[in-house]
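Inspection log for the structure reproduced underneath, given as structure tokens.
The values are calculated or read from the model by the stated rules, or taken from the named source; none is laboratory data. As the structure is a prediction and not an experimental result, all values here were calculated from the model. Virtual Cβ from ideal backbone geometry, glycine too; neighbours counted across all protein chains shown.
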């Protein structure tokens, strides 16, 4: 399904651009003829680009659900839990361990942190427990917090999928109410640290999409050409609507809406030929297929290379200079990640390695 890798490409691109912009605004010493605030619409979109992380979680929810949904809903072959867990470990753990160790050594060599500070953080990250132990994002690479949340989902997912044994009305109602319920719970009882509890609604919407997709719900309706505009509208609302990272009543409507907007957007991609062709176009799924490596490396590359590029003055204006940072850093990230993918991640994609 190349459109799935296309969805990964979109999420990956947005989170990378979000981090490049954040680094540039924080580190550049350039003085511009205009102001950052002059680009209000652009700023609003970019500030919402970190919502691409929930997009990733929803993809995981969907992808892992598919074989279980085929079994429970279509009578497909049962999923052996031992094989399921072994495959998660053999596919994800070796490249993660290697890349994290390389970043760790690079940070020591560049004196970013000393060994005494960084090594315990590395160990906690390697067992996917940094959020739990330290209640802070990992030092080796901050983005690893999301992988810890993903691992928690991988562990509990097969048990969550048993809901697919219920009738269509029962399981879909339970999932929908659970999404709403968890969002409300999170804002009444805020999570003490980053965990699946803080993001379970995004995995649940992925499961709901998987149920709908395997069951063939409304496929002909979503195939209509005008539904491409609905998908675009869902995407724009998703990233432009106000939504803070604080817990409480503020922006609660946006927090409730986000998983369902993701669901609409993804279901359009999966069923609408116009949108599907965009997300399946040539290089898009190829880059999306490397998302694990790119995601692991991008923040480190931005930090290490960005310090040499942030003060290169392309013009006297903010936005063209930021675009220059986007182009040069994205190119370097893609080049370095391609090498890592070919020699570190790809060998472990073979089940028989």
Fill in the blank from the handout: Within the range 20-58, restricting to residues that are crowded, with 21+ Cβ neighbours inside 10 Å and more than 13 Å from the chain's Cα centre (by Cα), the one that is nearest to residue 239 (Cα to Cα) is 20
Handout entry: All positions within the range 264-307 that are more than 19 Å from the chain's Cα centre (by Cα), crowded, with 20+ Cβ neighbours inside 10 Å and within 20 Å of residue 214 (Cβ to Cβ)
Key = 271, 272, 275
Exercise for the section: Working carefully through the options 168, 144, find the one that is under 30 Å from residue 217 (Cβ atoms) and out of contact with any strand residue (DSSP E or B) (no Cβ under 6 Å at 6 or more places or on another chain). Expected result: 168
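Sort out which residues of the range 320-353 are over 30 Å from residue 34 (Cβ atoms) and either touching a residue at least 60 places away in the same chain (Cβ under 8 Å) or surrounded by 16 or more Cβ atoms within 10 Å (Cβ to Cβ) (or both), and write them in order of number.
Matches in the range 320-353: 336, 337, 340, 341, 344, 345, 348, 349, 351, 353.
So in the range 185-199, with the set limited to residues that are closer than 19 Å to residue 148 by Cα and in a loop (DSSP other than H, G, I, E, B), which one is nearest to the chain's Cα centre (by Cα)?
Going through the qualifying residues, I end up with 199.
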Exercise for the section: Please enumerate the residues belonging to the range 147-171 that are surrounded by fewer than 19 Cβ atoms within 10 Å (Cβ to Cβ), over 23 Å from residue 80 (Cα atoms) and either touching a helix residue (DSSP H, G or I) at 6+ places or on another chain (Cβ under 8 Å) or in contact (Cβ under 8 Å) with a residue 60 or more places away in the chain (or both). Expected result: 168
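With a cut-off of at least 2 residues that are without any contact (Cβ under 8 Å) to a residue 60 or more places away in the chain and within 30 Å of residue 98 (Cα to Cα), name the helices (runs of 4 or more DSSP H) lying wholly within the range 200-319.
Those helices (runs of 4 or more DSSP H) span 291-309.
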Exercise for the section: Would you be able to tell me the number of residues in the range 240-253 that are crowded, with 17+ Cβ neighbours inside 10 Å and either modelled with pLDDT of 90 or more or more than 19 Å from the chain's Cα centre (by Cα) (or both)? Expected result: 1
